[in-house]
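Okay, here's the structure, questions in a sec.
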Amino acid sequence: MDLTANKIYSISEASRQAVSTLSEPLTVNVFFTKDLPAPHNNTERYLHDLLQEYSIYANEYFNYHFYDVSPEEGDISQEAGKNQELAKNYGIYPVQIQVVEKDEVKFQKAYMGLVLIHGDLIERIPTITSTDGLEYKLTTAIRKLNNKISVLLNLPEKIQVKLFLSSSLDIVASFMGLKDLPELPEKLKDIVEKLNRKNYGKLEFKYLDLTKDENAEAELEKYHILSLKWPALSGGQIQPGEGAIGLVLEYMDKVIEVPLIRILQIPLIGKRYELVDMDELEEIINEGVESLIDINEDLGFLADHGTLDISNASPMNLMEPDRQNAASNFRALVSENYTIKDVNLKDETIPEGLNCLVIAGPTESFTDYELFQIDQFLMQGKSLALFLDAFNEVSPPREQSFGYGQVPSYVPLNTGLERLLEHYGIRISKSYVMDENCYKQRIPAQFGGGERAIYFAPVIKKGFINSDLGFMRNIKGLVAAKISPLELDAERIRENGLEAHRLFASSEKSWEMKGRIDLNPMFIRPPQSVDEQQSLPLSYIIEGEFPSYFAGKSIPEKRPADEKDSGDSEKTAAKGPAKERTGIDLSKIKARGEFLSRGKPGKIFLIASSEILKNNMLDPEGRSPNAMFIMNVLDFLNNREAIAMMRSKEQRFNPLDETGAGTRTFIKSFNIVGLPVLVVISGLLVWSCRHSRKKRIRMMFQKRSA
């Protein structure tokens, strides 16, 4: 029976599900040298117990085997030699460990790795030196190998790929610049057949002609499909009509709607229609299928608008200052579980297959059209992870900062995302949070020694962390920097029917720095009045059906500068307005269904600082509370809360509860004086009891003798 609070000696629900849904044999081959000294012998014992528990909950396809491999020194058996050769073939090599034997420190080579084999796929964990996060590593590796094959083979029903297309659109297609529209059903059918060969025949294609099929109209009402309606055009040669077009991927109660036509409002040119690229459609459907069956591992990251650099830094440049300000550790951690898809919003739209988009530290303004895309992404029931800064830090040129003592300036930042957030019910204050409970910097001895409080780097203690949410339950401390407080509009949140969860706040000894920002620690002092200090909310998750910011407004136009191919734009502009090119006024065609005024249930995570993603705040191994918090939030936004809970159940950071000076003095005094006094009193009580007993016995024999 596991009596630990977090059940750290029992596998989690996510692990049980991973091994119970295997559809093909999965073998775990362990190469671990026997009789290693502590603590490595405990690791081997833990690995034995862990795999045994996996096998209890697994189906018949799971098996594991421990291979006997002896150190290279000394005599080895023929079997151990073969096992060593097998380990090398899998890429498992011995590592050197330190051994204390007869008061002497020695070094020994030992095998401490394992390999997972699933079909033709192999996943290695070459070195296991501790039990920290071992279940998480194993389970994520199994999920990676097993997910798609197993899930597809176990699907009880087929995934529906429905094309809604009115044949009446063929009449106006050529005038709208959609010459390939009549061929769309056949092309889409070929794409689905091609994908079916990779997806075990689990896709079923349906073409619903809304003009001819009366039943299709009723099914159309379930989805947000673009419908077009046009009056008499081209001098009456084209009769008034209407039609609809859209693609729906559906599995059980999950639906993904894929727009097949983009409508662009371009100044001087007018309205323009674009059919989705057939080369991209195959990838869109494939990503949609993965999303429907919950194996979509893609995570969108906004790569333009001056966001954080998450590119992989060279390991040769570890000491460069710029590396500390980069977010390459964030990329490395996220890449263990997700495939990061860079999203360039200036050049393209947000891919349909994404469940979550991360926007970290943008410094450039968003156009209305770009904000519209972000708004509609949220309306589709997807998630936004926002790490936004209230100020843009402008550093002086390097030669000035050294020569004239110049310090960075902080300019209030407005990218346009603030308008969306305020509409949803939350805003970022233009200030920085200072906190007396903060990171303490050690001062070198040549500068006087001691510690210096970095007030703009608050340390969040567990009393100010919301542990009601499952993925936050084991987060017991955080460190932030250059973070701004958030203001929640409770009335608007209520009106919008949303639910807001505060994740953490600063301590009650915090205050705001407004106006002129100067983060030189030597000039920052806490306010004299305690009334100016209060706890400030620093992070929220808001979930529910968000109302669109653009509801009741005209849909923004895509500016020429936003065009993917400026050359095409210039060529199009050179041809003149759409009416002159096509002979009909396309603005008379009214569209319905291209815009979602209210969304499906989605989530927004907001923290007013991008510093928490930088390398100096996240460790590359992902074992720090900050790293666990970030990864847990992303898992929660991607509907993988069970994985988040499994990751943090072995949280090693368990700070003691804060107590007052009086309480500490009382406990110390009790331990020093109270315990000896209690021992003396107990001894006196025992002596008194024995003395009384002797007296009673003596009295009893005296009466008999008398």
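The values are calculated or read from the model by the stated rules, or taken from the named source; none is laboratory data. Treat the numbers as computed from the prediction; the structure is a model and nothing was measured. In this analysis, Cβ positions are derived from the backbone assuming ideal geometry, glycine residues included, and neighbour counts consider all displayed protein chains. In case anyone asks, the SASA skips ligands and DNA or RNA and just uses the protein heavy atoms, side chains included. Shrake-Rupley method; radii C 1.70, N 1.55, O 1.52, S 1.80 Å.
Let's see how each residue does on (1) part of a helix (DSSP H, G or I); (2) more than 28 Å from the chain's Cα centre (by Cα):
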| position | (1), (2) |
| --- | --- |
| GLU491 | yes, yes |
| ALA500 | no, no |
| PHE504 | no, no |
| TRP511 | no, yes |
| GLY515 | no, yes |
| ASP518 | no, yes |
| GLN534 | no, yes |
| GLU545 | no, no |
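Residues to consider are LEU536, LEU488; find the one that is of a type in the set (A, V, I, L, M), within 18 Å of ARG427 (Cα to Cα) and open to solvent by 40 Å² or more (accessible area, probe 1.4 Å). Outline the logic, then answer.
Details: LEU536 fails: open to solvent by 40 Å² or more (accessible area, probe 1.4 Å).
That would be LEU488, the only listed residue that is of a type in the set (A, V, I, L, M), within 18 Å of ARG427 (Cα to Cα) and open to solvent by 40 Å² or more (accessible area, probe 1.4 Å).
For residues that are buried (at least 21 other Cβ atoms within 10 Å of the Cβ) and at pLDDT below 85, tally how many sit in segment 627-645.
4
In this structure, does ALA551 turn out to be under 28 Å from ASN632 (Cα atoms), open to solvent by less than 90 Å² (accessible area, probe 1.4 Å) and of a type in the set (A, V, I, L, M)?
no
When segment 381-412 is examined, which residues are found to be modelled with pLDDT of 90 or more, closer than 24 Å to ILE350 by Cα and not acidic (Asp, Glu)?
LYS382, SER383, LEU384, ALA385, LEU386, PHE387, LEU388
If you don't mind, another one. Which residue, of ALA18, ALA38, is among the aliphatic types (A, V, I, L, M) and either surrounded by 14 or more Cβ atoms within 10 Å (Cβ to Cβ) or assigned to a strand (DSSP E or B) (or both)?
Going through ALA18, ALA38 in turn, just one is among the aliphatic types (A, V, I, L, M) and either surrounded by 14 or more Cβ atoms within 10 Å (Cβ to Cβ) or assigned to a strand (DSSP E or B) (or both): ALA18.
For segment 240-273, which residues satisfy the criterion of being over 25 Å from GLN160 (Cα atoms) and either part of a helix (DSSP H, G or I) or touching a strand residue (DSSP E or B) at 6+ places or on another chain (Cβ under 9 Å) (or both)?
Matches in segment 240-273: PRO240, GLY241, GLU242, ILE263, LEU264, GLN265, ILE266, LYS271, ARG272, TYR273.
Let me ask something additional. Against the definition (open to solvent by 20 Å² or more (accessible area, probe 1.4 Å), in contact (Cβ under 8 Å) with a residue 24 or more places away in the chain and under 25 Å from the mean Cα position of the chain (by Cα)), how does LYS430 come out, yes or no?
Details: open to solvent by 20 Å² or more (accessible area, probe 1.4 Å): yes; in contact (Cβ under 8 Å) with a residue 24 or more places away in the chain: yes; under 25 Å from the mean Cα position of the chain (by Cα): no.
So LYS430 does not fit the description; no.
State the number of residues belonging to segment 348-376 that are within 25 Å of LEU249 (Cβ to Cβ) and either more than 18 Å from the chain's Cα centre (by Cα) or at pLDDT 90 or above (or both).
Our first condition is that a residue be within 25 Å of LEU249 (Cβ to Cβ); within segment 348-376, this holds for 348-358, 372-376.
Adding the requirement that they be either more than 18 Å from the chain's Cα centre (by Cα) or at pLDDT 90 or above (or both) leaves 348-349, 356-358, 372-376.
So the count comes out to 10.
To continue, here is another question. Name every residue in segment 568-626 that is open to solvent by less than 60 Å² (accessible area, probe 1.4 Å), at negative phi, part of a loop (DSSP other than H, G, I, E, B) and at pLDDT below 60, in order of residue number.
Selection gives PRO577, ILE584.
In segment 439-474, which residues are assigned to a helix (DSSP H, G or I) and in contact (Cβ under 8 Å) with a residue 40 or more places away in the chain? Reasoning before the result, please.
Restricting attention to segment 439-474, the residues satisfying the condition of being assigned to a helix (DSSP H, G or I) are 445-447, 462-464, 470-472.
LYS462, GLY463, PHE464, GLY470, PHE471, MET472 - these are the residues of segment 439-474 that are assigned to a helix (DSSP H, G or I) and in contact (Cβ under 8 Å) with a residue 40 or more places away in the chain.
Anything in segment 100-155 that is open to solvent by 10 Å² or more (accessible area, probe 1.4 Å), part of a strand (DSSP E or B) and under 23 Å from SER20 (Cβ atoms)? List them, or say none.
ILE117, LEU121, ILE122, GLU123, ILE125
If you don't mind, there's one more thing I want to ask. Does ASN520 qualify as being buried (at least 19 other Cβ atoms within 10 Å of the Cβ) and of a type outside the set (A, V, I, L, M)?
So ASN520 does not fit the description; no.
Mind counting the residues in segment 523-532 that are farther than 20 Å from LYS430 by Cβ and either touching a residue at least 12 places away in the same chain (Cβ under 8 Å) or assigned to a loop (DSSP other than H, G, I, E, B) (or both)?
4
Hey, could you check segment 174-221 for residues that are of a type in the set (A, V, I, L, M), part of a helix (DSSP H, G or I) and under 13 Å from ILE285 (Cβ atoms) and say which is most open to solvent (accessible area, probe 1.4 Å)? I'd like the intermediate steps shown before the answer.
Residues of segment 174-221 of a type in the set (A, V, I, L, M): 176, 178, 181, 184, 188, 191-192, 195, 203, 208, 210, 216, 218, 220.
Next, only the ones that are part of a helix (DSSP H, G or I) stay: 181, 184, 188, 191-192, 195, 216, 218, 220.
Restricting the remaining residues to those that are under 13 Å from ILE285 (Cβ atoms) gives 188, 191-192, 195.
On the way: LEU188: 0, ILE191: 20, VAL192: 5, LEU195: 5 Å².
Of everything passing the filter in segment 174-221, ILE191 is most open to solvent (accessible area, probe 1.4 Å).
Sticking with this structure for a sec: So the check is Cβ under 7 Å with 6+ separation or different chains; which pairs have a first residue in segment 226-237 that's touching a residue at least 60 places away in the same chain (Cβ under 8 Å) and within 30 Å of GLU257 (Cα to Cα) and a second one that's assigned to a loop (DSSP other than H, G, I, E, B) and of a type in the set (D, E, K, R)?
LEU226/GLU594
Same structure again: Which of the residues that make up segment 680-704 are more than 30 Å from PHE670 (Cα to Cα) and either touching a Lys or Arg at 6+ places or on another chain (Cβ under 6 Å) or open to solvent by 100 Å² or more (accessible area, probe 1.4 Å) (or both)?
Across segment 680-704, the qualifying residues are ARG693, LYS694, LYS695, ARG696, ARG698, PHE701, LYS703, ARG704.
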